[in-house]
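The values are calculated or read from the model by the stated rules, or taken from the named source; none is laboratory data. Owing to the predicted nature of the structure, the values given are computational and were not obtained by experimental measurement. When we count neighbours, we look across all protein chains shown, and the Cβ atoms used for this are built from the backbone with ideal geometry, even at glycine.
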Amino acid sequence: MLSKATATRKLVVLDRDGVINRDSDAFIKNPDEWQPLPGSLDAIAKLSRADFAVAVATNQSGVGRGLLSADDLRAIHAKMERMVEQAGGRLAGIFFCPHAPGDGCDCRKPRPGLLRQIESAFDVTLTGVPVVGDSGRDLEAALAVGAKPVLVRTGNGDRTLVDFTRIDEVAVFDDLTAVANYLIDDQG
């Protein structure tokens, strides 16, 4: 549950696959398949120690496609939270869209619904808040709510850097460690 203290801290929103953990074209279907990217857990810990509330916003269409159950997804997220905590960090919330691409929901990025859920949960606007992703849909969702889109070159990031038509509106970093260092330096 989010506390008022959490809601008053600086906020950063992270995509999951390709930003925090290795992505897979076959989907991450169980905790054993969830493997953090080098440095990502330490980057989240560093942000936490610098008083950032770190939220995760992730499309998880594998649930809607029947590739994993809601219980499988909870177990994956429990592993992620446990590993973040072991590294000295904390996730303020995990928000996910379980729908398949054709379901027509508002929460599947690039639509803004998932980020609107975060705004509601934290009782804030995401205007100017960094939203970190590795794909065009992450960046489009960020732009749709007035957030600051941030691209990492991990996961699908290098391909997105070439293909995303609004790249001039996006901050680009090599990985989550570089984003964390920039955000912490920028606030100080």
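Worth a mention:
Residue by residue, here is whether (1) of a type in the set (Ser, Thr, Tyr); (2) under 20 Å from ARG22 (Cβ atoms); (3) out of contact with any Gly (no Cβ under 6 Å at 6 or more places or on another chain) holds:
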| position | (1), (2), (3) |
| --- | --- |
| THR125 | yes, no, yes |
| VAL131 | no, no, yes |
| GLY146 | no, no, yes |
| LEU151 | no, yes, no |
| GLY157 | no, yes, yes |
| LEU161 | no, yes, yes |
| PHE164 | no, no, no |
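- Residue in the stretch 28-39 that is modelled with pLDDT of 95 or more, in a loop (DSSP other than H, G, I, E, B), of a type in the set (Phe, Trp, Tyr) and within 24 Å of LEU139 (Cβ to Cβ) present: yes
- For the stretch 83-103, residues that are assigned to a loop (DSSP other than H, G, I, E, B), over 21 Å from LYS29 (Cβ atoms) and touching a strand residue (DSSP E or B) at 6+ places or on another chain (Cβ under 6 Å) total 1.
- When we screen LEU68, LEU73 for residues that are within 24 Å of THR154 (Cβ to Cβ), in a helix (DSSP H, G or I) and at pLDDT 95 or above, the only hit is LEU73.
- Qualifying residue in the stretch 137-160 (condition: surrounded by 17 or more Cβ atoms within 10 Å (Cβ to Cβ) and more than 17 Å from the chain's Cα centre (by Cα)): no
- Scanning the stretch 12-27 for residues being surrounded by 17 or more Cβ atoms within 10 Å (Cβ to Cβ), assigned to a loop (DSSP other than H, G, I, E, B) and not acidic (Asp, Glu) gives a total of 4.
- Scan the stretch 45-103 for residues that are hydroxyl-bearing (Ser, Thr, Tyr), surrounded by 17 or more Cβ atoms within 10 Å (Cβ to Cβ) and over 15 Å from ASP17 (Cα atoms) and the total you get is 1.
- Going through (1) surrounded by fewer than 21 Cβ atoms within 10 Å (Cβ to Cβ); (2) more than 25 Å from SER61 (Cα to Cα) one by one, ASP163 falls short only on (2).
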